[in-house]
1. Could you list, ordered by first residue, the pairs with Cβ atoms under 6 Å in which the first is in region 106-119 and closer than 18 Å to THR131 by Cβ and the second is in a helix (DSSP H, G or I), at least 6 apart or interchain?
2. Go through (1) part of a helix (DSSP H, G or I); (2) surrounded by 18 or more Cβ atoms within 10 Å (Cβ to Cβ) one by one and return the number of the condition ALA95 breaks.
3. Identify all residues within region 50-77 that are over 15 Å from TYR30 (Cα atoms) and free of Cβ contacts under 8 Å to residues at least 40 places away in the same chain; write none if there are none.
4. I want to confirm something. Restricting to region 58-85 and keeping residues that are touching a strand residue (DSSP E or B) at 6+ places or on another chain (Cβ under 8 Å) and within 16 Å of ASP38 (Cβ to Cβ), which single residue is modelled with the lowest pLDDT?
5. Taking the criterion of being touching a strand residue (DSSP E or B) at 6+ places or on another chain (Cβ under 8 Å) and of a type in the set (A, V, I, L, M, F, W, C), would at least one residue in region 106-114 satisfy it?
6. So is GLU107 assigned to a helix (DSSP H, G or I) and either more than 20 Å from TRP24 (Cα to Cα) or among the hydrophobic types (A, V, I, L, M, F, W, C) (or both) or not?
7. Sort out which residues of region 4-62 are closer than 22 Å to GLU83 by Cβ and of a type in the set (Gly, Ala, Ser), and write them in order of number.
Amino acid sequence: MYLVGIVTEDWNRMLAQYRSSSEWTVLYEYDLFDVGIDYMLIILEKDGIEITFGWTNWFEGEIECPESMRVELESYAGRWLKEGEPEALTPNKVAAWKQFEDKRREEKMQKEESQKQRGKGLLFEVSWPVTLAIVALITAALAYLIITGLS
């Protein structure tokens, strides 16, 4: 079910209510340059139930949720919420964002794994600059020992 045309202040209050609850976890959160200016999308999950908050500066707030949550949401809003067709939360827009975010998460995990692989074999993981500094110190120490040992 889609609840649409939600006044921004009410939408923000409802979102804050759910985000402040430790029971709900964020699955996806739109975080590009125009977040909160032109567009916003947040998907929360609790016990297999998803609630999606969408907002645009043109159509204000929208929420996709199970029918059973309507009364609870209306109590947070302090008013009746209109059911209708979404503009910000169309299935295509939400699916495209999820796909984009999943790809971004996968790339981040691959990058982190690659960085871990570079440091494997050492007693601890170190960055390249630290590795070069260690090699330079060892080289200098060996050179000192060779020079002082020869004189």
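1. Once the first residue is closer than 18 Å to THR131 by Cβ and sits in region 106-119, no partner that is in a helix (DSSP H, G or I) comes close enough.
2. The failed condition is (2).
3. GLU50, TRP58, SER68, MET69, VAL71, GLU72, GLU74, SER75 - these are the residues of region 50-77 that are over 15 Å from TYR30 (Cα atoms) and free of Cβ contacts under 8 Å to residues at least 40 places away in the same chain.
4. Pass one, region 58-85, residues touching a strand residue (DSSP E or B) at 6+ places or on another chain (Cβ under 8 Å): 59-66, 69-70, 73, 77, 81-85.
Those still in the list that are within 16 Å of ASP38 (Cβ to Cβ) too: 59-62.
On the way: PHE59: 84, GLU60: 89, GLY61: 94, GLU62: 96.
The residue in question is PHE59.
5. no
6. The answer is yes for GLU107.
7. GLY5, GLY54, GLY61
Residue-wise test of (1) among the small types (Gly, Ala, Ser); (2) in contact with a helix residue (DSSP H, G or I) (Cβ under 8 Å, 6 or more places away or on another chain); (3) under 26 Å from SER21 (Cα atoms); (4) outside any strand (DSSP E or B).
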| position | (1), (2), (3), (4) |
| --- | --- |
| ILE42 | no, yes, yes, no |
| TRP58 | no, no, no, yes |
| TYR76 | no, yes, yes, yes |
| GLU87 | no, no, no, yes |
| GLN99 | no, no, no, yes |
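The values are calculated or read from the model by the stated rules, or taken from the named source; none is laboratory data. Everything numeric here is computed off the predicted structure, so don't read it as measured data. We place every Cβ from the backbone using ideal geometry, glycine too, and count neighbours over all the protein chains shown.
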